[in-house]
Amino acid sequence: MKRIVRLTFFLLAVLLPGFMCAATAEPIPEYDMKAAYLYNFAALTSWPEYTGKQIRLCVLGKDRFKGSLEKLAANAAGGIRISLSYLPNLKASENCQMLFIDSSEQANAEDILQYLDNMPVLTVTDSPDLFDAGVMIGLFVENKRLTFDVNYAQTKNAGLSVSSKLLRIARRVLQ
Amino acid sequence: MMAASFPAVADKSGFGGEDGLMQAPLEQLMAMDVQSASKIACQISNAPSAVSIVTADDIKAYGYHTLAEILESMRGLYISNDHTYTFLGGRGYGRPGDFTGRIMLLLDGTQVNNNIYNSAGLDYTGIIDTALIERVEYVSGPGSAIYGNNAFFGIINIVTKRGHDINGMQVSGEVSSHQGRDAKIHYGKRLENGAEVLLSASGFNSDGQNYYFPGAVSATSDGVARHLDEQQSRRLFGKLEWDGWFAEVAYSTRKKDLPTAPFSADFNAPYSDENTALEANLKHDSQLSKSLQLSLNGYYGNYDYDRVATHFAAPWKLASSGQWLGLNAQLIGTWFDGHRILFGSEFRNDYKQEISTPDADLDSHEKTLSFYVHDEISLAAKWKLNAGARLDYHKDNYGDYTEDTSPRLALIYLPTEATNLKLSWSTAYRRPNLFEQSYADHLLLDNPGLKSERLEAAEFVAEHHFDRDTRMMASVYRYETEDYIWSVPLPGPSIQSQFNNRDGGTADGADLEFEKHWQNDVRVRASAAYQDARNAYGKWQINSPRQVAKLNVSVPLMHRSWRAVFEMQTYGERKTEEATVIGGYSLANLTISADNLLPNLGVSFGVRNLFDRDYDAVAPRSTLTKFSQNPLTTIAQDGRTYWLRAVYDFK
């Protein structure tokens, strides 16, 4: 009996204080947002000699998305379908339409860009160094918002056509 | 048990709620705030106390071999080594012989401390290879409000890597001073269906050194323990994660010769200890409804310890063995606005607890049923209250019941997005273990009347992020123990000692921690800790340095293909078991590594104790007895040592 009384008391003490407060709107985690941007980039790009609805998105380097890309791939509601692969090395990038290069690959920037030279692969990174080295799209957090820069010259060289909308809302376009 | 499952469940809400995110046009997304992913690791344990973290990046850059080396780099922690075991010290604890020092060690949320001595391996006895660790979180302070018995002075939560983090097959080999050889093979993959697989096997052998103990010099001995430092460890690990399911098995075994002849064994005679641990864990997380998450976890543990010593020129054997099974169910509900309620219940059956020696056979078992409830209440926009408790019903070997309640209360204030202040009051307890209560031999008397020890702590923590990648934390605390379990020498001519409930002691202290990650990938971690730990008589606690400071600097070289890291640790003076005082010391370690020296080949080279400093650790009481005329109160530590490691990735 004593034990039950104690347990009841214990539960009440813990559960009773009831305050009604509105939860504040949480900002979107950075990599969830980056995943959503990648989806948009795929939708606003056309690849030469490729008209499929399935876009293969590859990730090179450390995976910081922690599962948000999988959710992108699982979502079939939109106009395009994303299939996902994590590349063990660059040679596996042949069937990718899009390639996200993590900052952990910075040391290999030259090799990567040399290898991809003029291949019709839309390259995206969130490393300033990699973008400066010639990656097509750079994603950057600025004043709590996610912005992006486009290296238009590189997309043209690779034969990709990115929509004018994308170029219009980019923070910076390198001609 | 739960630390890992708790946040894992919580994470699910992150992206799921924003399914609209992908449909939203880019212009709209560009107007939404994002929560920057900091390069500094954020705590995942839901604890309102001070938390320090070391991640896989640091483990790799510094080349940490053991959990002890990882912990040694953390705020306020210190390590004592007697050439066989590694003992941990920190806020309010640190007596050598206490092993993990009443700290609960969790592997992916499941407790790995054994049910005979409450210890868990920190050196090569550790259950997990450091190459498989994604992060280590040290939560200082009482943790019984969630974890129950033995989460006394804190918890250490080890989170392992996922298969994807290895992404292929990796082999590594290492050579180190004193004929150390290490070999590892890991395989990890994320499969097409999203399942993650991780498999690993590793081994370490070392011949060791011949140690000289001045106190052991006698008519028949020159004081050198010869060929008594050999070590051999083997580890296996497997983990599978798929669609809310999580299965893991970890196994480790280590055999080590003992040069110090503890427990009055013959000096320079065969003496070996073998520790074997196995942990298996099956977990399932599910979202029952929009506001209710369920996490179920079943676990099994096995521990074996075998000692072969030499007493009076004859072999003397001791064997301990423990087994346990448990089930933990946890519900997280967000039905009510402003409340996040965690309700948990756990059943644990320690059905095997045995110690056998030529003179005695102990055979025990116990069962524990627990309930815990915690509510995180949003009081106002910037205030949160965290209240909860855990209730443990315990049935011992004789069918007697005891119950323990461990409450915790915390008030959290978030004046700005970058600052949080936490004021907490928390409690913990630890039941005497089989060894302390029932074991007896020529050196130790049993004490069936031994009671649980208790701890109450008050702590204030202030944490501030100067920018996304700069963090500073400061904390002040006071700990008070009661009925502290402590081995005391029996009065009179007896050489026996006995575990007793002593009047409690106190520990007052303050910590400071700073962490910064620059754009150019320079990383710095620094900390300073001060503590004043006293026993019930106001005397300074054994092996409790008042000052502990750490500096860790990691610098990329040559376009980030190389990295140099330097760590420096400084410890104040300490008191030995014989109340003598030994001086403080500073230790420096240096590691240089290259990620891609050749394609897919990484190489690292490290020097420990770079300046070859002579320093001593406080010896555990067990080593004193042999040399009673000239007690061994300190143990000289290794001078400069070297290691060289190569890691090859098959891709």
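May I ask you to verify whether B:Lys516 is assigned to a strand (DSSP E or B), among the charged types (D, E, K, R) and surrounded by fewer than 22 Cβ atoms within 10 Å (Cβ to Cβ)? Talk me through it step by step, then tell me what you get.
Details: assigned to a strand (DSSP E or B): yes; among the charged types (D, E, K, R): yes; surrounded by fewer than 22 Cβ atoms within 10 Å (Cβ to Cβ): yes.
Yes: the conditions hold for B:Lys516.
In this structure, is B:Ile166 within 30 Å of B:Glu453 (Cβ to Cβ) and of a type outside the set (Asp, Glu)? Before the answer, list the steps.
Details: within 30 Å of B:Glu453 (Cβ to Cβ): no; of a type outside the set (Asp, Glu): yes.
So B:Ile166 fails the test.
Is there any pair with a first residue in region A:121-147 that is within 13 Å of chain B (Cβ to nearest Cβ) and within 25 Å of A:Ile28 (Cα to Cα) and a second that is part of a strand (DSSP E or B) and of a type in the set (Phe, Trp, Tyr) whose Cβ atoms are under 6 Å apart and which are 6 or more apart or on different chains, and what are they?
Here the result reads A:Ile137/A:Phe148; A:Leu139/A:Phe148; A:Thr147/A:Phe140, each pair linking region A:121-147 to a residue that is part of a strand (DSSP E or B) and of a type in the set (Phe, Trp, Tyr).
Quick one: in region A:33-61, of everything that is in a strand (DSSP E or B) and farther than 22 Å from A:Asn157 by Cβ, which residue is nearest to the other protein chains (Cβ to nearest Cβ)?
A:Val59
Which strands (runs of 3 or more DSSP E) sit wholly inside region B:228-330 and have at least 1 residues that are under 21 Å from B:Asp359 (Cα atoms)?
So the answer is B:272-289, B:292-311.
Tally up the residues in region B:370-393 that are away from chain A (no Cβ under 11 Å), touching a Lys or Arg at 6+ places or on another chain (Cβ under 8 Å) and at pLDDT 95 or above, please.
1
Only one of (1) in a helix (DSSP H, G or I); (2) buried (at least 24 other Cβ atoms within 10 Å of the Cβ); (3) at pLDDT below 95 fails for B:Ser80. Which number is that?
The number of the failed condition is (1).
Kindly indicate whether B:Leu362 is surrounded by 15 or more Cβ atoms within 10 Å (Cβ to Cβ), farther than 25 Å from B:Thr110 by Cα, more than 14 Å from every other protein chain (Cβ to nearest Cβ) and over 27 Å from the mean Cα position of the chain (by Cα). Break it down into steps so the answer makes sense when it comes.
Working: surrounded by 15 or more Cβ atoms within 10 Å (Cβ to Cβ): yes; farther than 25 Å from B:Thr110 by Cα: yes; more than 14 Å from every other protein chain (Cβ to nearest Cβ): yes; over 27 Å from the mean Cα position of the chain (by Cα): yes.
Against the criterion (surrounded by 15 or more Cβ atoms within 10 Å (Cβ to Cβ), farther than 25 Å from B:Thr110 by Cα, more than 14 Å from every other protein chain (Cβ to nearest Cβ) and over 27 Å from the mean Cα position of the chain (by Cα)), B:Leu362 qualifies.
Which residue out of B:Ile146, B:Ile185, B:Ile155 is within 25 Å of B:Phe246 (Cβ to Cβ) and under 11 Å from the mean Cα position of the chain (by Cα)?
Residue meeting the stated conditions: B:Ile155.
Being modelled with pLDDT under 80 and not small (Gly, Ala, Ser) is the filter; apply it to region B:618-637 and report the residue that is nearest to the chain's Cα centre (by Cα). Steps first, please.
Taking region B:618-637 first, the residues modelled with pLDDT under 80 are B:623-631.
Among the residues that remain, those that are also not small (Gly, Ala, Ser) are: B:623-627, B:629-631.
On the way: B:Thr623: 24, B:Leu624: 26, B:Thr625: 29, B:Lys626: 30, B:Phe627: 32, B:Gln629: 36, B:Asn630: 34, B:Pro631: 30 Å.
Checked region B:618-637; the qualifying residue nearest to the chain's Cα centre (by Cα) is B:Thr623.
Would you confirm whether any residue within region A:82-95 is more than 9 Å from chain B (Cβ to nearest Cβ), part of a loop (DSSP other than H, G, I, E, B) and either in contact with a strand residue (DSSP E or B) (Cβ under 7 Å, 6 or more places away or on another chain) or modelled with pLDDT of 90 or more (or both)?
No: region A:82-95 contains no residue that is more than 9 Å from chain B (Cβ to nearest Cβ), part of a loop (DSSP other than H, G, I, E, B) and either in contact with a strand residue (DSSP E or B) (Cβ under 7 Å, 6 or more places away or on another chain) or modelled with pLDDT of 90 or more (or both).
Looking at region B:324-359, which of its residues are within 14 Å of chain A (Cβ to nearest Cβ), over 27 Å from B:Asn118 (Cα atoms) and among the hydrophobic types (A, V, I, L, M, F, W, C)?
Residues satisfying the conditions are B:Leu331, B:Trp335, B:Phe336, B:Ile341.
Please return the ranges of strands (runs of 3 or more DSSP E) entirely within region B:543-651 where 3 or more residues are closer than 28 Å to B:Ser52 by Cβ.
Qualifying strands (runs of 3 or more DSSP E): B:547-557, B:562-571, B:585-598, B:601-608, B:616-618, B:641-650.
The values are calculated or read from the model by the stated rules, or taken from the named source; none is laboratory data. Keep in mind the model is a prediction, meaning the values are calculated, not measured. Cβ: placed from backbone, ideal geometry, glycine included. Neighbour counts: every protein chain shown.
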